[in-house]
Amino acid sequence: MIVVKLGGSLSRSDDLLNCLNVLEKTYHGGSLIIVPGGGAFAEQVREAQQHWHFDDKTAHHMAILAMQQMALMIKSLKTDFAIANTIDEFQDLSGFKKIVIWSPNIAELDSAGIVASWNITSDSLSAWLANKISASELVLIKSCVIDPQLSLQQLADLDIV
């Protein structure tokens, strides 16, 4: 199984559909889980928190809902893809040979001890998921050019991952 995290910023251009088309062509037999970033939906959460000053746990849950909104949007663009909310649902769908979009379940993340913080991003959730399901690979697709010489720590310091 391969986990591909699609950066939320891809939703601001045709790059999202182009990426989905490539993924569909490459992985048409399944074995792929797409983790959507929150995109503009998550940005709205950030703005609302800055304005209303609500707590990070609430913001975290709202950001997870942003990922769920992106999952629904991707599903509407690619109707042959499936949506799974929990890890158990991935196993249920594995026999259908479909590309699966992860729409993370807040209760499952909370029970796994995922910290409710802006430090927990869709990138880090995709890494958590890849580890949890023993994925063979984790691919992060971003809407920026990345210097391959940079370490993961340098990419994190630059807020790329």
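The values are calculated or read from the model by the stated rules, or taken from the named source; none is laboratory data. Everything numeric in this text was worked out from a predicted model, so none of it was measured. Note that each Cβ is placed from the backbone with ideal geometry, even for glycine, and that neighbours are counted across all protein chains shown. Remember, those area values only see protein heavy atoms, side chains included, never the ligands or the DNA or RNA. Shrake-Rupley method; radii C 1.70, N 1.55, O 1.52, S 1.80 Å.
Does the stretch 38-60 contain any residue that is surrounded by 14 or more Cβ atoms within 10 Å (Cβ to Cβ), of a type in the set (Ser, Thr, Tyr) and either out of contact with any His (no Cβ under 9 Å at 6 or more places or on another chain) or at pLDDT below 95 (or both)? Scanning the stretch 38-60, I find at least one residue that is surrounded by 14 or more Cβ atoms within 10 Å (Cβ to Cβ), of a type in the set (Ser, Thr, Tyr) and either out of contact with any His (no Cβ under 9 Å at 6 or more places or on another chain) or at pLDDT below 95 (or both), so the answer is yes.
Would you call residue 72 touching a strand residue (DSSP E or B) at 6+ places or on another chain (Cβ under 8 Å), outside any helix (DSSP H, G or I) and open to solvent by 40 Å² or more (accessible area, probe 1.4 Å)? Answer is no for this residue. Restricting the search to helices (runs of 4 or more DSSP H) fully inside the stretch 89-161 and requiring at least 1 residues that are basic (Lys, Arg) and open to solvent by 70 Å² or more (accessible area, probe 1.4 Å) gives 122-132.
Among the residues making up the stretch 75-88, those that are farther than 14 Å from residue 27 by Cβ, surrounded by 11 or more Cβ atoms within 10 Å (Cβ to Cβ) and not charged (D, E, K, R) are 77, 83, 84, 85, 86, 87.
Scanning the stretch 131-138 for residues that are among the acidic types (Asp, Glu) and over 16 Å from the mean Cα position of the chain (by Cα) turns up nothing.
Does residue 42 count as small (Gly, Ala, Ser), more than 17 Å from the chain's Cα centre (by Cα) and outside any strand (DSSP E or B)? So residue 42 fails the test.
In the list 30, 7, which residue meets the criterion of being at pLDDT below 95, open to solvent by less than 10 Å² (accessible area, probe 1.4 Å), on the phi > 0 side of the Ramachandran plot and not basic (Lys, Arg)? Only one candidate qualifies: 30.
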